[in-house]
Every structure is written in structure tokens, then in C-alpha cells.
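Report on the following structure.
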Amino acid sequence: KPKVHIIKLIAVITLAVQVTHNFQGQDIRYLNPTKKVTTELAHYQKGEYDQAEELARSIVDKSPSDLWAWKILGAVFTETDQLSEAFVAYRNAARLDPKNAELHCNVGASLKEMNRLEEAIVSFKQAI
């Protein structure tokens, strides 16, 4: 069953993969940011969560304000049942784009999965 917090991400991934080239074996430090995000999305879509996480972490380490990298980290952590890490990643993304309802839904969904229902309700209300 699709999870609410990644439905829009899947549409973006599908579009990104259509223009993705295979960067396997290339040093990611030499890829431009667009290629990095496209590569990150391709890894995520293929279920290569370790590679997607590694690339997303390298991006946020160098650019903590990279919204897409935080969103990918949140999705990867959700898919690998690392719920507290997913929450942190989505919270960081929501702080970067506080008017983004999707991000508040992602935060709320993460909190709900951790059975932190009162906090989840607050996040879901922020999405409205």
C-alpha cells in the first residue's frame, strides 16, 4: 500500500528517472546538483536505499538547506523503518519550507508511526 508521505515524491521520481543517465561508478563530488538529485531519486526508485541515503547525506552535509535531499532521506528512512530518523529528516525539510503542506503531512505521518499521536495531530493541522 502506498504511504501518504511519498505519493507526490513518487511522481517526481518517475519524471526524474525518465531523464536519468546511469552515473554508477562516477565520483558524486563531480556531479552537478541536478545530476546528484536525479541520481539520488533513481537509487530510491530502484530500492537502492543505501545508495540513496549515502548520496543524500553527502548533499546535506555540504548543503544543509537542500530540501530535496532531506525529503529523500525521510523517504528512505521511512521505507527502511528508521522512524525517528525519518521524522528528523522530514522535520528539517519542513523547517526549510514551512508553508509546504506535504512536508507537514510527512512529519505527521512519521510521528503517527512512532505512536506520538498528539504531536502528529499538530503536524497534520499545520498541513491544512
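The values are calculated or read from the model by the stated rules, or taken from the named source; none is laboratory data. Nothing here was measured: the structure is a model prediction, and the numbers come from that model. Glycine gets a Cβ as well: all are built from the backbone with ideal geometry, and neighbour counts include every protein chain shown. Keep in mind that these areas ignore ligands, DNA and RNA; they rest on the heavy atoms of the full protein, side chains included. Shrake-Rupley method; radii C 1.70, N 1.55, O 1.52, S 1.80 Å.
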Note, Phe87: beta-carbon cut-off 11 Å, +1 each Lys/Arg, -1 each Asp/Glu, net 0
Extension length gain for Lys125 and Ser84 (0.36 nm per residue less Cα distance), in nm, is 12.7 nm
I'd like the accessible area for Leu103, computed on protein heavy atoms only with a 1.4 Å probe and all protein chains in place. Round to 10 Å², please. 0 Å²
List the aspartates and glutamates whose Cα sits under 20 Å from the Cα of Lys99, skipping any in the same chain fewer than 8 residues away. Asp66, Glu119
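May I ask you to derive the relative contact order of the range 63-126, considering only C-alpha pairs under 8 Å and at least 6 residues apart, and to give it as an integer percent? All intermediate terms of the calculation are to be shown ahead of the outcome.
Working: 72 pairs, mean separation 16.6, N = 64.
Once normalised by length, the contact order is 26 percent.
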